[in-house]
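*Asks:* Take this structure first; my questions come after.
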Amino acid sequence: VTPRKRRSIIVAAGAASLMALALAAFSSVGRWLVVEDPLAKARAIAVLSGRMPVRAREAAKLYRQGYAPEVWLTHPAEPGESLKAMGLAYEGEEVYSARVLIHEGVPARAIHVLEPPIVNTADEVRVLGATLAHEPDRSVILVTSKAHTRRVRLLWRKLAAQNCRGLVRAAREDPFDPGHWWRSSGDALEVVREVLGLLNAWAGLPLTPKR
C-alpha cells in the first residue's frame with residue numbers, strides 16, 4: 001500500500017468513526033435527558049406547568065402513597081393575561097390541574113396554588129424555592145415530563161437556595177420515548193426544545209421570555 005493510499009484509508013476510517021460517534025450521540029440524547037432522584041418524603045409535591053393531565057396524575061399517585069401532605073400548583077401567566085385583556089374569561093391550567101388532582105383522590109384542602117404568576121420553568125423554580133424558604137421542611141418533589149427532568153434539575157441547582165432540596169420525578173404516563181425519540185415529531189421537537197433550554201441554562205439564562 002502506497003503512503004497516499006494509507007493516508008486515504010486512515011482518513012476514511014477516522015471519518016467513519018466520527019460518524020459512528022455522532023450517530024450514537026444522536027440516538028442517546030433522549031435517554032440522557034431523562035434523570036430522576038430517589039423518592040423520599042417531602043414538604044410538598046409540586047406539579048410543574050405543562051403536559052396536563054399526566055403530571056397532575058403522577059402527583060396524585062405520589063400523594064396517595066404518602067410522600068407529602070400537600071400538592072402545589074404554579075400559576076402560569078399565559079394565556080390568561082392575554083385573554084383577560086380581550087375581555088374573555090379563562091380558567092387557568094392550575095384550575096384544571098386541581099380538578100384532575102381531586103378526581104384522582106387528592107382532597108381540595110391539600111391543594112395550593114402558588115403566586116406570583118410564572119412564565120417559564122425558571123420562574124417556577126424561583127417561586128417554589130421562595131415558598132420553601134418559609135417552611136421548616138425545605139424539600140419538594142418536582143413532578144414533570146420525562147424529557148424535561150434534566151433541565152428542571154439543572155435550574156433547581158442554579159436558582160434554588162442550597163438548603164432547599166428538590167427531588168425530580170418524571171410522570172410515568174408521559175408517552176415520550178427516550179430510546180426512539182426521532183421517530184415522532186412531537187418527541188423530536190421536545191428534544192430540540194430541551195437541548196436549547198439546557199444550553200441557555202448553562203450560559204446563565206441570557207435568553208428570557210417576553211412578558
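The values are calculated or read from the model by the stated rules, or taken from the named source; none is laboratory data. Not measured: the values here are computed from a predicted model. Methodologically, a virtual Cβ is constructed for each residue, glycine included, from the backbone with ideal geometry; neighbour enumeration extends over all protein chains shown. Each accessible area value is taken on the protein alone, full model and side chains, heavy atoms only, with ligands, DNA and RNA left out. Shrake-Rupley method; radii C 1.70, N 1.55, O 1.52, S 1.80 Å.
*Asks:* State which residue is nearest to residue 204 (Cα to Cα) when the search covers only the stretch 156-176 and only residues that are open to solvent by 60 Å² or more (accessible area, probe 1.4 Å) and either within 18 Å of the chain's Cα centre (by Cα) or free of Cβ contacts under 8 Å to residues at least 24 places away in the same chain (or both).
*Replies:* My answer is 158.
Yes or no, residue by residue, for (1) part of a strand (DSSP E or B); (2) in contact with a helix residue (DSSP H, G or I) (Cβ under 7 Å, 6 or more places away or on another chain); (3) among the hydrophobic types (A, V, I, L, M, F, W, C):
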position	(1), (2), (3)
30	no, yes, no
35	no, yes, yes
39	no, no, yes
78	no, no, no
82	no, no, no
95	no, no, yes
100	no, yes, yes
109	no, no, no
112	yes, no, no
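*Asks:* Within the group 23, 18, which residue is modelled with pLDDT under 65, closer than 19 Å to residue 182 by Cβ, open to solvent by 70 Å² or more (accessible area, probe 1.4 Å) and part of a helix (DSSP H, G or I)?
*Replies:* Of 23, 18, the one residue that is modelled with pLDDT under 65, closer than 19 Å to residue 182 by Cβ, open to solvent by 70 Å² or more (accessible area, probe 1.4 Å) and part of a helix (DSSP H, G or I) is 23.
*Asks:* Another one. One residue is enough: does the stretch 79-92 have a residue meeting the conditions within 21 Å of residue 142 (Cα to Cα) and in contact (Cβ under 8 Å) with a residue 40 or more places away in the chain?
*Replies:* Within the stretch 79-92 (the criterion being within 21 Å of residue 142 (Cα to Cα) and in contact (Cβ under 8 Å) with a residue 40 or more places away in the chain), the answer is no, since none of the residues qualifies.
*Asks:* Out of 142, 205, 155, I need the residue that is touching a helix residue (DSSP H, G or I) at 6+ places or on another chain (Cβ under 7 Å) and part of a loop (DSSP other than H, G, I, E, B). Which one?
*Replies:* Result of the check over 142, 205, 155: 205.
*Asks:* Turning to a different aspect of this structure: Just need a number here: residues in the stretch 177-191 that are surrounded by 13 or more Cβ atoms within 10 Å (Cβ to Cβ) and out of contact with any helix residue (DSSP H, G or I) (no Cβ under 8 Å at 6 or more places or on another chain).
*Replies:* So the count comes out to 1.
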